[in-house]
Each structure stands twice: as structure tokens, then as C-alpha cells.
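Below is one structure, written out as C-alpha cells; comments come after it.
Values in this text are rule-based calculations from the coordinates and carry no lab data. If you're wondering where the values come from, they're calculated on a predicted model, not measured in any experiment. Every residue, glycine as well, gets a Cβ built from its backbone with ideal geometry; the counts of neighbours run over all protein chains shown.
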Ligand SMILES: Nc1nc2c(ncn2[C@@H]2O[C@H](COP(=O)(O)OP(=O)(O)OP(=O)(O)O)[C@@H](O)[C@H]2O)c(=O)[nH]1
Ligand SMILES: [Mg+2]
């Protein structure tokens with residue numbers, strides 16, 4: 001599998017603008033996905049944390065395994081979990097932000113994070129209007145713009161991925177809908193690696209069919225049949241099957257999940273074989 005990385009021009013531009021803006025900010029709010037708080041951390045945050053205070057928001061609390069999320073919250077400082085769709089957790093985030101407000105003006109902050117983690121939804125919720133271009137396509141916010149309300153001046157930013165992240169992190173992002181499947185060789189490849197991951201980690205309950213010892217490719221074929229992804233001759237369109245499975249998984253329809261544990265390890269670690277892109281669990 002070639003190591004293609006999704007890092008289009010608007011992300012490079014957004015990174016440059018954020019660097020320029022950082023000097024004017026009081027605070028950075030980083031949004032991560034509660035289902036993989038390590039892999040969904042922004043590549044910019046190490047740098048930004050050196051120059052500004054950072055609050056972390058773990059979005060999609062509603063889709064995360066509650067026990068594992070609790071251990072993440074215990075292990076990370078200045079971190080708040082939220083269901084941004086239901087505004088659950090929002091008041092605590094607002095309070096934490098307003099602690100940084102100087103008495104003479106609004107608190108200035110930037111919401112940063114990788115694509116599709118909920119940055120625009122958080123910003124909309126904080127300013128109380130729906131004008132930040134919330135959408136479900138990774139990479140929808142293409143430039144940096146300011147929004148003002150309730151003592152806050154906030155800048156939204158486009159999702160920025162780490163072009164140097166290891167291949168395993170890209171796989172996790174593709175399963176969660178934070179990176180395009182093309183980055184990891186297409187939906188079939190992403191889905192097969194997800195099936196391997198779930199089986200190796202005793203999370204078979206998230207696979208929407210009954211199976212015994214079949215290979216991941218056969219399991220995906222069964223899933224494709226269940227989801228009606230058939231082509232002529234009764235064969236399964238494996239790419240479509242992979243896409244539908246990943247969509248069902250990332251939307252939370254198959255159940256709550258947390259793919260990583262707080263000590264920096266994944267629930268089950270894996271290596272990518274660089275010759276054929278196969279995933280080996282270690
Ligand atoms: N279930 C659930 N969905 C969420 C949550 N936060 C965000 N979403 C959904 O995730 C999708 C992406 O949200 P956005 O706010 O557009 O994400 P973003 O980080 O601004 O995305 P880009 O600008 O493309 O990088 C939307 O469909 C949101 O409704 C959450 O806490 N729970
Ligand atoms: Mg956005």
C-alpha cells in the first residue's frame with residue numbers, strides 16, 4: 001500500500017495562519033475524538049502548547065465506551081468530554097474558557113484539531129449560532145475565520161492532519177471518519193483492517209454479522225451481503241461493503257467504542273506490512 005497522505009493545500013495554509021494567529025490568542029481549545037484521544041490529537045498541539053495554555057475537548061462522548069473514557073479523563077489534565085450534538089458537557093467547557101478572559105476584553109481562542117472531530121460544532125455551540133459551516137465531510141472548513149459572542153472571540157480552523165503520522169494512526173482515523181479511506185488504500189482495505197482490529201481486541205460485538213473462524217475478507221463479504229452491496233452474479237462489491245461498514249462503525253450505529261487506552265498504547269497494537277499494506281497485530 002503506498003503511503004499517500006491527505007494533506008491538501010488549504011491545510012498547509014490553515015497551519016500557517018494559525019501560527020501567525022497564535023501570538024494574539026489567550027487560549028487554544030483542541031478537539032479530539034473521545035474514541036481515540038491519542039491518534040486524534042492535533043499535530044500542531046505540541047508546538048502550540050509551548051506558547052499558549054490548552055484545553056482539550058473529547059467530542060463524541062455519546063459514541064465512546066464510558067469506562068475507558070473515564071480512565072482517559074483521569075489521566076489527562078484540562079480535559080472535558082462532550083456530546084456536542086446534545087450540548088452535553090458544554091457548560092463546563094465554557095466555564096473553563098472564561099477563566100482565561102482578561103477583564104478588559106473578550107477571551108481570544110482558537111479551536112483546533114484534525115478533520116471532522118467537531119471543531120465547527122463546538123464553535124457554533126459556544127457562540128450560539130449556526131454559521132460556522134458544520135458538515136460531515138472531512139476538511140469542510142477551508143479557511144480561518146473569527147466568531148464573537150458571550151465574552152469570547154473565537155477562530156475556527158480547518159482540520160489539519162499530520163503528514164508524518166505513522167500508518168496505524170491513519171488507519172484509526174479512517175475508521176472514525178476523520179481521514180479519507182483513500183489515504184489507507186480504499187474502503188475495502190480500511191474495513192478489513194478494522195475487522196482484524198476488532199477480532200484481535202475482543203470487540204467482535206461491533207461486527208454486524210454472525211461468524212466463526214472466517215477470514216476478515218470473508219467476514220466483509222458477509223457484511224456486504226447484509227448491507228445489499230451486490231453486483232452481477234450475486235458477487236459482493238467489496239469497496240462498497242467496506243464503505244458501508246466503516247460508515248456504520250464511525251457513526252456509532254454498531255455500538256460505543258474506545259480504540260486506545262491512556263498509556264499511549266492502542267487497545268491492541270498493530271504493525272503495517274509495508275509491502276502489501278497488510279495489518280499484523282503485535
Ligand atoms: N454523535 C456526535 N457527533 C458529533 C459530535 N461532535 C461532532 N459531531 C458530528 O461530527 C461531524 C463533523 O462535525 P464538524 O463540527 O463539522 O467537524 P470539524 O472538526 O469542524 O470538521 P472539519 O472542519 O471538516 O475539519 C458532524 O456531523 C457533527 O454533527 C458529538 O459530540 N457527538
Ligand atoms: Mg469545521
Would you calculate the separation in nanometres between label points at residue 92 and residue 182, each defined as 7 Å from the Cα along the Cα-to-beta-carbon direction?
3.9 nm
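Subtract the Cα-Cα distance of residue 253 and residue 101 from 0.36 nm times their separation in residues, and report this length gain in nm to one decimal. Spell out each step's value before the answer.
Working: separation 152, 0.36 × 152 = 54.72 nm, distance 3.92 nm.
Fully extending the segment from residue 253 to residue 101 adds 50.8 nm.
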FRET efficiency estimate (nearest 0.05) - Cβ-Cβ, residue 49 to residue 215, R0 41 angstrom:
0.40
62, 33, 263 arranged by Cβ crowding within 10 Å, fewest neighbours leading:
263, 62, 33
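Going by how many other Cβ atoms sit within 10 Å of their own, how do 61, 86 line up, fewest first?
Working: 61 22, 86 11.
Fewest to most other Cβ atoms nearby, the residues stand as 86, 61.
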With the convex hull built on the alpha-carbon atoms of the stretch 9-156, volume per residue in Å³ sits at 105 Å³
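If packing is taken as the mean number of other Cβ atoms within 10 Å per residue, what is the order of 19-26, 216-223, highest first? Before the final figure, lay out each step's value.
On the way: 19-26: 14.1, 216-223: 18.5.
Result, highest mean Cβ count within 10 Å first: 216-223, 19-26.
Which whole number of Å³ per residue matches the convex hull of the alpha-carbon atoms in the stretch 183-260?
Values: hull volume 7.4 nm³, N = 78.
Taking only Cα atoms, the stretch 183-260 has a hull volume of 95 Å³ per residue.
Report relative contact order for the stretch 9-156 in percent, whole number only (criteria: Cα-Cα under 8 Å, sequence separation at least 6). Let's see the in-between values first.
Values: 248 pairs, mean separation 38.3, N = 148.
RCO, the stretch 9-156: 26 percent.
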Fewest-first ranking of 155, 57, 257, using other Cβ atoms within 10 Å as the exposure measure:
155, 257, 57
Across the Cα atoms of the stretch 141-181, what radius of gyration and what greatest pairwise Cα-Cα distance (Dmax) are found, in Å?
14.5, 41
Sorted peptide list for 233-239, 34-40, criterion being average Cβ within 10 angstrom, highest first
34-40, 233-239
